[in-house]
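The values are calculated or read from the model by the stated rules, or taken from the named source; none is laboratory data. For clarity, every value in this text was computed on a predicted model and none was experimentally measured. Reconstructed Cβ throughout: ideal geometry from the backbone, glycine too, with neighbour counts over all protein chains shown.
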Amino acid sequence: MSDDTSDLDEKLGFLAEEGRHRRDPEEHPSPETLTAYQSNELSPDEDERIQGHLAACRHCTEMLLELEEFLRPVEVGVAPAADFEAAVDWRKLRSRMRGPKRRRLTYTMAAVFFLAVVGLSIYTLSRGPEKFKTLEPRGSTRGPAEAIEVVELPVTLVLRSSARSHYPEYRAEFLDEHDRPIRELSHLQESRPFEVEVPLGRRDLDTGKCRVRLLGVKDRGADPVGEYVFKVKN
Amino acid sequence: MSHPLEAPGGGRERPCNLPAAVTSALADQDPTLCLIEKIKLGTQVDESSRKLFELHYRKIIGFFRSHGFSSEESRDLTQDVFYRVFKSIDTFRRESRFERWLFEIALNIYRNELRRKGAEKRDAVELSIDTASEDDEASGKIKEPGSGERSVLEALIDRERRATLIAALQSLPPQMRICCVLRFEKGLKYHEIATAMKISIETVKAHLHQARKRLTGELGED
């Protein structure tokens with residue numbers, strides 16, 4: 001028996017030699033098929049096919065054995081790799097992951113900035129240069145009948161106060177030619193001594209004659225400090 | 001979406017500080033799943049990603065190192081694996097094992113790298129055999145015919161024996177034959193054969209024992 005065995009071993013030795021020279025097949029099952037084989041998710045036919053391939057393929061046999069190692073879950077409490085190499089590689093990976101995102105963010109910000117600049121330029125150009133119109137209160141000048149100023153919107157009215165003292169804030173009441181209130185602006189303050197600026201947009205007033213009453217507000221009371229008449233031209 | 005990271009504990013401590021609904025499902029599972037869940041939920045993404053990376057980094061590096069890649073190459077390939085993991089982590093389903101998914105990605109990258117290296121090799125400049133033999137001749141390295149080499153007759157006998165052996169192997173039942181090939185041709189250990197074939201070690205032993213008996217019978221008759 002032992003002679004038979006040693007004879008057989010000698011003969012089987014050829015197989016080992018054969019195996020050393022044999023090349024793996026060109027085609028391999030996909031990683032997903034290999035893991036499915038390991039997890040018993042394949043049909044018996046597929047299983048047999050994979051086993052046949054394993055007999056001929058050193059690469060896949062090694063991979064299958066390696067998969068066993070892989071599937072061992074990381075034990076809780078085992079310190080993870082926190083060495084220098086891992087830390088460096090993590091930083092590298094993180095910057096690689098963030099790379100395109102950051103670039104995207106930069107491009108977005110640049111686009112927003114560009115649009116803002118263009119928008120602002122268009123707005124400024126369409127608005128034209130800022131205009132100011134200084135109005136004197138009625139009855140403050142002597143002589144011939146006071147001429148009615150013509151105001152083109154948009155404009156910033158500069159209303160000169162006829163008061164002798166300053167008020168912490170002012171209120172402007174706009175009335176149409178029939179003395180109907182049409183607009184009121186409060187919490188106005190002096191921009192210069194005895195001058196109150198009232199900005200008016202293109203659609204704030206209708207065309208026609210307009211009267212403004214400026215009131216100085218102090219201690220819940222309001223004193224008239226000037227009245228102005230002008231004609232709106234749109 | 002807000003998730004209380006530091007939810008007040010009511011008795012048992014929840015893993016990963018995730019909402020109760022999520023953690024209860026993960027309570028009995030591994031820390032990897034907790035980390036993935038946090039990444040998917042968008043809570044502590046950076047920290048959880050780093051932990052996940054550190055948890056499996058050595059395994060992946062080891063995988064590439066064990067397949068003959070240099071330290072630098074292994075680190076680069078490991079980067080590729082994790083890059084792909086984090087890019088497609090949303091497609092990972094909890095029903096599956098993360099380690100399995102990780103292995104599939106690593107194996108894909110390994111095979112791609114082999115293919116790339118193979119292509120590089122094919123594109124490399126070929127050296128003439130004649131040049132080498134001329135060099136060898138010049139240095140006196142050329143062996144005399146038959147000196148230390150096996151004779152043609154021996155080679156013919158070997159070939160015949162091999163053919164007989166392979167024919168005998170082919171007559172064995174498929175599973176038994178594959179066990180023999182894995183054992184005698186590839187030199188696998190019993191437990192490795194058992195793993196590859198998904199059978200018990202006892203079955204492997206029984207197959208090999210039977211195979212030896214049958215082969216001895218068949219080859220002895222020659």
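Counting only residues that are of a type in the set (A, V, I, L, M) and at pLDDT 90 or above, which one in the range A:111-126 is nearest to B:SER74 (Cα to Cα)?
Filtering the range A:111-126 down to residues of a type in the set (A, V, I, L, M) leaves A:111-112, A:115-118, A:120, A:122, A:125.
Those left that are additionally at pLDDT 90 or above: A:111-112, A:115-118.
On the way: A:ALA111: 40, A:VAL112: 42, A:LEU115: 46, A:ALA116: 48, A:VAL117: 49, A:VAL118: 50 Å.
Filtering first and then ranking leaves A:ALA111.
How many of the residues making up the range B:78-127 are surrounded by 12 or more Cβ atoms within 10 Å (Cβ to Cβ) and aliphatic (A, V, I, L, M)?
Quick first cut of the range B:78-127, residues surrounded by 12 or more Cβ atoms within 10 Å (Cβ to Cβ) only: B:78-86, B:89, B:92, B:94, B:96-114, B:117.
Now drop any that are not aliphatic (A, V, I, L, M), which leaves B:81, B:85, B:89, B:102, B:105-107, B:109, B:114.
The number of residues fulfilling the criteria is 9.
Among the numbered criteria (1) more than 7 Å from chain B (Cβ to nearest Cβ); (2) at pLDDT 85 or above; (3) out of contact with any Leu (no Cβ under 8 Å at 6 or more places or on another chain); (4) in a helix (DSSP H, G or I), which one does A:SER6 miss?
Going through the list (1) more than 7 Å from chain B (Cβ to nearest Cβ); (2) at pLDDT 85 or above; (3) out of contact with any Leu (no Cβ under 8 Å at 6 or more places or on another chain); (4) in a helix (DSSP H, G or I), A:SER6 breaks only (2).
Would you mind listing the helices (runs of 4 or more DSSP H) fully within the range B:66-143 where at least 1 residues are at pLDDT 90 or above, under 16 Å from the mean Cα position of the chain (by Cα) and within 14 Å of chain A (Cβ to nearest Cβ)?
Working: elements: B:71-87, B:98-123, B:129-138.
Output list reads B:71-87, B:98-123.
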